[in-house]
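*Asks:* I'd like to ask you about the structure that follows.
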Amino acid sequence: GVGQAMQALPSLYGANARVGVVGLGTGTLACYAKPGQAWRFYEIDPAVVRLARGPFRFLEQCLPDARIVLGDARLRLVEEPAHSLDLLVLDAFSSDAVPMHLMTLEAFATYDRVLAKDGLLLVHISNRFLSLEPVVERAAKLGGWSAAQLTYHPPLIEELNEAATSDWIALSRSPEKLAQLTARADGWRPLEGRPGFTPWTDDYATILPVLRSLNKDLP
C-alpha cells in the first residue's frame, strides 16, 4: 500500500512532493525518495536513529541527508506549519506496544491540519495481536475522511526472503485524490467498520475490543 502511494507521488503531487514518515525503523522507506521531494522522519527513540544510520544502510544509500525529527511524533507534528505535507505515513503500530495516542480522534485532527487539503494519510495496521481497522474506520468516518484498505500478500519468492503480509489503510479528505491512488492497482477495497465500536479519544481508549485472541469471530 505505501509503496503504491510512494510511486504515485509524482503524478499525484508533482516533482516536489512533501513526505512525512512517523516511525523511522531501519529507514527502508527512504529508498522510495526521488530528487526534488522533501522528506522528514519522526522518531521517538534515539537508539533507532543510531541503528538506521549505522548497521542498516538504507538512509546512507538512499537519503543520506534525510531530516529526522526526534521526539513524540504527535507533538512534533503540532509544531509543523499547516498543510506542509502531501503524504503522511504512520508506520508505528506493528509491535505489541501500540502508541494509542497516535490513533485517537484528536491525533487524526492533527494529521488533517498538517496535510494539504488533498493530502494522503497512509496507516500501516499490520499487527499480530490487534485488529486496528475499527479504530481507523471510526476516526475516518467521524473526521470526514474517505478511506480504502489494501492487504498485500507477497508471492512465494518474496516469502522465502522473509517478506510478510501487510495491511495498509489510505485516507484523504479528497475523495478524488484517494480514487486516483486506488485506481492504480487492484486490491484496494472500502474500509469496513464494526457496528457499535467506540472511537479512541485522548480521554478513552482500550485495546480489549481489538485484541485478535478475544475477537476471533469478528471481522
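The values are calculated or read from the model by the stated rules, or taken from the named source; none is laboratory data. Predicted model only: the values in this text are computed from it and were never measured. Note: ideal-geometry Cβ built from the backbone for every residue, glycine included; neighbour counts use all protein chains shown.
*Asks:* Only one residue in Leu59, Leu77 is surrounded by 13 or more Cβ atoms within 10 Å (Cβ to Cβ), modelled with pLDDT of 95 or more and under 24 Å from Gly1 (Cα atoms), so which one is that?
*Replies:* Criteria check complete, one pass: Leu77.
*Asks:* Conditions: (1) more than 30 Å from Leu211 (Cβ to Cβ); (2) of a type in the set (Val, Ile, Thr); (3) modelled with pLDDT under 95. Thr28 meets all but one. Number of the miss?
*Replies:* Here Thr28 meets the rest and fails (1).
*Asks:* Take the stretch 89-145 and flag every residue that is part of a helix (DSSP H, G or I) and either touching a His at 6+ places or on another chain (Cβ under 9 Å) or among the polar types (S, T, N, Q) (or both).
*Replies:* Ala107, Thr110, Arg113, Val114
Let's see how each residue does on (1) under 26 Å from Thr165 (Cα atoms); (2) in contact with an Asp or Glu (Cβ under 6 Å, 6 or more places away or on another chain); (3) not charged (D, E, K, R):
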| residue | (1), (2), (3) |
| --- | --- |
| Gly3 | yes, no, yes |
| Ser11 | no, no, yes |
| Ala15 | no, no, yes |
| Leu24 | yes, yes, yes |
| Cys31 | yes, no, yes |
| Pro35 | no, no, yes |
| Ala52 | yes, no, yes |
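*Asks:* Pairs, please: C-beta under 6 Å, at least 6 apart or cross-chain, first residue more than 17 Å from Leu120 (Cα to Cα) and in the stretch 11-29, second surrounded by 24 or more Cβ atoms within 10 Å (Cβ to Cβ) and at pLDDT 95 or above?
*Replies:* Leu24/Phe41
*Asks:* What residue, among those in the stretch 151-202 that are among the hydroxyl-bearing types (Ser, Thr, Tyr) and modelled with pLDDT of 90 or more, is surrounded by the most Cβ atoms within 10 Å (Cβ to Cβ)?
*Replies:* Only one residue fits best here, namely Ser172.
*Asks:* Which of the residues belonging to the stretch 113-133 are within 20 Å of Thr182 (Cα to Cα) and crowded, with 19+ Cβ neighbours inside 10 Å?
*Replies:* Leu115, Ala116, Gly119, Leu120, Leu121, Leu122, Val123, His124, Ile125, Glu133
*Asks:* If you take the residues of the stretch 167-208 that are farther than 19 Å from Arg113 by Cα, in a loop (DSSP other than H, G, I, E, B) and of a type in the set (D, E, K, R), which of them is farthest from the chain's Cα centre (by Cα)?
*Replies:* Taking the candidates together, the pick is Asp203.
*Asks:* Please verify whether Asp86 is farther than 22 Å from Asp203 by Cα, modelled with pLDDT of 95 or more and touching a strand residue (DSSP E or B) at 6+ places or on another chain (Cβ under 8 Å), treating the condition exactly as stated.
*Replies:* yes
*Asks:* For the stretch 31-56, how many residues meet the condition of being in contact with a Gly (Cβ under 6 Å, 6 or more places away or on another chain) and at pLDDT 95 or above?
*Replies:* Residues meeting the conditions: 1.
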